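Derivation of every value follows stated rules applied to the coordinates shown; laboratory data play no part. Worth saying up front: this structure is predicted, and the values here are computed from it rather than measured. Glycine gets a Cβ as well: all are built from the backbone with ideal geometry, and neighbour counts include every protein chain shown.
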Amino acid sequence: MVLRRLYLNIIAAVVVCFQLSCTGRLNAQSVSDVNATAQTKALCQNLHAIAKTQTLFGHQDDLAYGVKWRYKPGMSDVKAVSGEYPAIFGWDLGGLELGKEKNLDGVPFSKMRKYIIYGYNMGSVITISWHLRNPSTGGNSWDTSGNAVASILTGGAKHNLYVSWLDKVADFFTSLKGENGEAIPILFRPFHEFTGNWFWWCENFCTPDEFKKLWRFTVHYLRNEKSLHNLIMVYCPTDIYSKKHFDERYPGDDVVDVIGMDAYQHHSDKTAYISKVRKSLKILDSVTKERNKILAFTETGYEAIPDKYWWTNTLLPAMKGFPIAWVLVWRNHGYMKSTQKMHYFAPYPGQVSAGDFKTLYNTERMLFQQDIKKRNIYSSER
Ligand code: BMA
């Protein structure tokens, strides 16, 4: 009798373990790479869960430079104003494909690697975009000539060149390791703003089929040929006008994890910005829910933030009610000779919107580095 009970208990325990592992797998389905590392799966699941009520705050090139400084260890404009580092750090690989030492904005890749590791070790999240050159003409990302997308697809004249560029990107990703040798999970955001008309991969310069092929090839090559299982793929249009518009280029649930959107405020009409952002977010919100993907506001900002209350009177109302996993503002370059303007998107001490940024920092919704560290976002046991 006792033996029988023991036997039944063992069977029950096995069933529970089996159910738990199945549930674990079910919850982890939001990662499109079935072989994703444990930390990558956990990050994806946690972002999904957090987004229901809160949003990570992010800043591009945050640790490398600010409006009044360059390459000072530990510095950050976001931290100088709020007291804390961002919860998500953005970096850009543009130029890596040519074997350059610095990216298109002058950040040395050797330093970028250290900042990425530093950011990960403090518990924050890393997202990477790629302003890659035009493979067809040799021009920059904004050179839209030469049917570049078609030229790099399988069988195209520049296909091998593109593969060699992906090899360099894969080498860089492979070099991003945590303290125990684990691959640092990366929210990878290539071919961003493809519904715009300014990059060679934008919708005016390639067909939907070509774009889908480019996306699918890129993901499959990195995942299967280069064995990278630390990538969370971020698919990122700019303005989206309808569900049909969104569906046109969508490459498939097996190669996308996050659906993001880039949109900036370009003039003082904040109502126009808010309604533009909300229009696109509404469509993307329903798409992400339907497809069980994560929603993000992958790039935004108002150059030089001339509006004292931009953070709480414009940005928060634009995002209100949407389950946005993170919002990232662009880089703090400072004075830009080419445009003869100040080019920055996060405040620095003394900047007119610094006080309001502090209010944003104190809202329940917005998460910074300490919150994320406490949540242990790379672990499935939160
Ligand atoms: C743009 C500007 C450029 C920069 C590019 C890539 O929005 O900030 O100065 O080169 O992004 O980071």
remark   = Residue ranges of DSSP H helices in the chain that stretch 15 Å or more (Cα, own long axis) and have mean Kyte-Doolittle hydropathy of at least -0.5 are 2-27, 38-51, 159-174
query = Looking at the chain, what % of its DSSP beta bridges pair antiparallel, to the nearest 5?
reply = 20 percent
inquiry  = So if each residue of separation counts as 0.36 nm, and I subtract the Cα-Cα distance between Lys282 and Asp254, what length gain in nm does that give?
reply    = 7.8 nm
inquiry  = For a quick check of your reading of the filter: which chymotrypsin sites (Phe, Trp or Tyr not before Pro) in the stretch 121-205 sit in a DSSP loop and have no more than 14 other Cβ atoms within 10 Å?
reply    = Trp142, Trp198
note = Dimensionless Rg/Rh of the stretch 183-233, both radii on Cα and Rh by Kirkwood, sits at 1.04
query = For the residue pair His159 and Trp198, what label-to-label distance in nm results when each label sits 7 Å from Cα along the Cα-to-beta-carbon direction?
reply = 3.3 nm
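Would you mind checking the pairs Lys276/Lys358; Lys79/Lys276; Lys41/Lys373; Lys243/Lys279; Lys158/Lys337 and listing those with alpha carbons more than 23 angstrom apart? Please report the intermediate quantities before stating the final value.
Working: Lys276/Lys358 26 Å; Lys79/Lys276 30 Å; Lys41/Lys373 17 Å; Lys243/Lys279 11 Å; Lys158/Lys337 34 Å.
Beyond 23 Å between Cα atoms: Lys276/Lys358; Lys79/Lys276; Lys158/Lys337.
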task = May I ask for the distance between the Cα centers of the stretch 304-323 and the stretch 208-272, given as a whole number of Å?
result = 24 Å
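Based on alpha-carbon atoms only, what is the radius of gyration of the chain relative to the globular estimate 2.2 N^0.38 Å?
Cα Rg divided by the expected 2.2 N^0.38 Å: 1.02.
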